Structure formats: structure tokens, C-alpha cells
Amino acid sequence: MKKITAVITALSVGAVSSGCTFGASIDTLMTPPKLSSDQEQIYSALTKSLGTSNISLKYPKSGKYLSAFIIEDIDGDGGDEALVFYERNNHAADENPLRIKVLEKEDGQWSSAYDISAAGSEIEEVMISRLGNNDRVNLIIGTSLINRSEKTVSIYVYSDGKLLEPPEFSDNKSYAYIDVTDLDLDGQYELLRLLGASGEKGAVAETFKLDESGEYTPSYIELSDKFSDFDISYGKVGDSEMGVYLDALSGTGSVQTDVLYMKDGALHKVFGTAEESKRTSRPAGCTCFDVDGDGSIEIPVQTTAPGYGDSLESAQMKLTDWMQIGSEYKFKKRYTSYYSVNDGYIFVFPEKWVGKVTVRRDTVNDEIVFCEYSNGEMGRELLRIFCAGDVPSREDRLSGGYMLMHTKGETAYLAFIPQSVDTEGDGLSITMGDAAVGFRYRD
């Protein structure tokens, strides 16, 4: 569930449709990009040191660094080194082929400095950062097996011309997510690692800082269920803390949220019990979102729309309440909306609609209709939203008085306010300006 770039997504889809395995190396799915002048020199120094050009470059799957070549100062001396990820094509059957080469530049020329075997067979992600209050530069590399089912993270330190793995961090646990971020907003970075459930073991979140003596200081907390995959959002929680919102896939296939924050050097959970976290359970794909762009993340919780309480589950229309972690970590409702997960849009109800408006699906015109609800019955229409998948459909609606709200590729999102009569003086009518304010699109 972790978000990845559109390029990688497209490649993955292409692999499925062409019969390739999802875990196939990216190197087999694309033509390697043309190397820059510096990269050409590095590649030449690499093959010269190996005595062969019969190698394959390995590209990280996600993250800041997506090249097989990384040029950064990895030892903190003010000068750049080069990292190259590669494998020999003629390696022995019992040899792990994935390797990391370090090269240094002297008098304008690159030369090999150190070479080490890496765990796994694919590079998942690379991060280069200081951690905690220690000045040491950490080379953090996530790797995986060929099917990408097991991912492990290694930390390397480049010192005195050698790439070393500190023994303080070498547990080889399989992770679901890693990141480097300042969780407690103290100006120092932590490594965050999420471990999915395995067997009888539940899911776990842990952080690592590096202290002045060179020890990795961990903090550990168990998550609320046997989660496997995660979709991560960062945003304000409570009065001032930074929150990590974990939309996690539970054992039942639904999504629920845990919210973490770091305070006084330790991880904490907003939801103290599994039951509290399960209150956020909803269908897959319905993930957290900063609805109003204020820096605080809202958690979507689905409710049955007014008028559908006696309907079969399959026939019910749903509304989405967006819940926020407010002051003193209280869970409170911020907004009510209609959320079309498939079409990617949210319409936030004006306050005057809450409890008085419901939705229905117009299957003939393929539109969502918002209408008055009173005394157990649906009344006059207040708003229609239509997703046009082609230009003729869009132009037809526009000529009929619809307003364009958003476009995404060839898809256009349009709204229409019927000229219905407010016979009861209920004050529920809205303007096109109100409709524009309430519409949100999720990229």
C-alpha cells in the first residue's frame, strides 16, 4: 500500500498484463537510461575494477534515489563518493549476486574503493541521513528477494575506505515500511520501521536514533491488530505533535487506522486498545486524507446514509465522516461527506446539510444525487455530480448547465444544481460557489 511513483506503477501494470511476474527486476522491464558524463566515468571505473562489463545495474524501486548511481558525501568529509548497485551476470550458483560498489574521485578521476555483497536480490529503497544527535552519516538500504515478498533493511557506515555494518543494527527483520523523518520535531531524524504481522506475532512499529556514543537507541510499540501492509500519512495530531497515520490492511481485508506519535524519546499510540482502532474500520482504498489542507489528517469512517437503515447492505448508500485527533487526543468528527473511492472525489457537506440530506444513485444518468431527507422520505434534489469519461459526455453536460469542477486526464467532474423550489423554507439550497468549496479531488 505504500505509495510509489507513477512510473513504477505503470511498469508494474505492464508486467502483469504481459505475463511477467510482479517481482521481476525493473532492469528487465525498461531500457536503462542514458548515463551522464560522470556516470559514464563511474561505470568505466566499475567495469575496469571488475575486469568485465558482463554486469547488470540494479535500480531502487522507490524513494528519493531511483538510479543505480548515487553520488553523495557518505562519510561526512565534504567530498562526494559514488555508490553503484549491480550484479554479475555470470555469478556462481551459491553466490549472492547483488553488490554495492563504492568509488572515490581523486584528481578528477573515479576509482574503485570498496566492494561489498548486499542482502537480498533487489534494491527497494536507499536513504542517506544522520540519525539522532550523532554526526555519523548512515547509508540505509532496503533490499528484497526476487519476488519482493521479504524486505530487510541494512545500515552501512563508510569509514576509512570501508563500507561497514554496525553490529548494533543487524537483526535482519522483514519490514513492511521504512522512512527517515523527524517524528518528535526536535530537529533530529529517526529511522522508522514497520514490521507486519507474522504467524502469532503482531505488527510492530519501531524507531531508531543514534546517540553520541554510536549506539542505536530504539523505541518499540505493538500495533492494534495483525496488520500486514501499510499506507502512511504524516500530519499534526493533538495540540502540537507530529502524527504517523497508519492505514493498515487487517486480517479481514478491511482497512483500519493506528495513529502514532513520538514524545520524550518514545513511541506512543493514540488508540490505547484494539477496539478503539477498530472503530475506524472501513473498506480497502478508503484512506486518511487532509480534507481541508490545514496540516491535520482526517480519518474516514463510513456510516449508512439517511434512508437506508432497513436496506440490504449491498443496496445501502454510505456517507463518510472525517474524524480528527483533536486536543488531548480526543477522537471527534470534523466533516461529513460523500466519498466516491472509485472516482476519487469527496463532496464535503455544508454544515446545514448534516442530518438533513442524503444521497442516491441515478443509474439511468450515472450520477450521484444529493437530496433533502425529512420524515423518513427523500425530497427535492439539491445537487448532482457526474463523472464524464470522454469529451462528448463532458460537452453534453456543460451545454446543459453543469459546472466543471475538476479534470484528471480525460475524466471530467461536473456538478449541477437543479432549480427546485424550496417550498418548506428549509434553507438547504446551495450555490455553485458552495458546490465548488465542497468538492475535493484526491490525487
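At-a-glance table
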item	result
Qualifying positions in region 314-345 - touching a residue at least 24 places away in the same chain (Cβ under 8 Å), open to solvent by 50 Å² or more (accessible area, probe 1.4 Å) and of a type in the set (A, V, I, L, M)	VAL341
Residue that is modelled with the lowest pLDDT, among those in region 23-52 that are within 23 Å of ILE116 (Cβ to Cβ) and among the hydrophobic types (A, V, I, L, M, F, W, C)	ILE26
Qualifying positions in region 223-265 - open to solvent by 20 Å² or more (accessible area, probe 1.4 Å), touching a helix residue (DSSP H, G or I) at 6+ places or on another chain (Cβ under 9 Å), assigned to a loop (DSSP other than H, G, I, E, B) and within 23 Å of LEU185 (Cβ to Cβ)	ASP239
Subset of region 73-109 (residues that are without any contact (Cβ under 8 Å) to a residue 24 or more places away in the chain and part of a loop (DSSP other than H, G, I, E, B))	ASP77, GLY78, HIS91, ALA92, ALA93, ASP94, GLU95, ASP107, GLY108
Residue, farthest from the chain's Cα centre (by Cα), within region 44-59, restricted to residues that are buried (at least 18 other Cβ atoms within 10 Å of the Cβ) and under 11 Å from TYR86 (Cα atoms)	LEU46
Some residue of region 317-338 being among the hydroxyl-bearing types (Ser, Thr, Tyr) and under 18 Å from the mean Cα position of the chain (by Cα)	no
Of all residues making up region 258-270, the number that are within 16 Å of GLN324 (Cβ to Cβ) and charged (D, E, K, R)	1
Check on SER311, touching a Ser or Thr at 6+ places or on another chain (Cβ under 9 Å) and surrounded by fewer than 14 Cβ atoms within 10 Å (Cβ to Cβ)	yes
Residue in region 424-432 that is open to solvent by 50 Å² or more (accessible area, probe 1.4 Å), farther than 16 Å from ILE346 by Cβ and of a type in the set (S, T, N, Q) present	yes
Residue check, GLY63 surrounded by 15 or more Cβ atoms within 10 Å (Cβ to Cβ) and under 34 Å from the mean Cα position of the chain (by Cα)	yes
Pairs, first in a strand (DSSP E or B) in region 268-292, second of a type in the set (Gly, Ala, Ser), C-beta under 8 Å, six or more apart	LYS269/SER224; ARG282/SER254; PHE289/SER233
Residue count, region 164-174 (criterion: in contact with a Gly (Cβ under 9 Å, 6 or more places away or on another chain), among the small types (Gly, Ala, Ser) and assigned to a loop (DSSP other than H, G, I, E, B))	0
Residues within region 112-163 that are in a strand (DSSP E or B), under 29 Å from the mean Cα position of the chain (by Cα) and not hydroxyl-bearing (Ser, Thr, Tyr), tallied	18
Tally, over region 175-222, of residues that are assigned to a loop (DSSP other than H, G, I, E, B), farther than 16 Å from LYS263 by Cα and either modelled with pLDDT of 95 or more or hydroxyl-bearing (Ser, Thr, Tyr) (or both)	2
Hits in region 393-421 - residues which are open to solvent by 80 Å² or more (accessible area, probe 1.4 Å) and farther than 26 Å from ASP443 by Cα	SER399, GLN419, VAL421
Of all residues making up region 271-299, the number that are closer than 17 Å to SER327 by Cα and surrounded by 21 or more Cβ atoms within 10 Å (Cβ to Cβ)	4
Scan of region 192-214 for residues that are closer than 14 Å to GLU168 by Cα and surrounded by 15 or more Cβ atoms within 10 Å (Cβ to Cβ), ordered by number	THR207, PHE208, LYS209, LEU210
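The values are calculated or read from the model by the stated rules, or taken from the named source; none is laboratory data. On a predicted model such as this, the values are computed, not experimentally measured, just so you know. In this analysis, Cβ positions are derived from the backbone assuming ideal geometry, glycine residues included, and neighbour counts consider all displayed protein chains. Heavy atoms of the whole protein, side chains included, go into the accessibility calculation; ligands, DNA and RNA do not. Shrake-Rupley method; radii C 1.70, N 1.55, O 1.52, S 1.80 Å.
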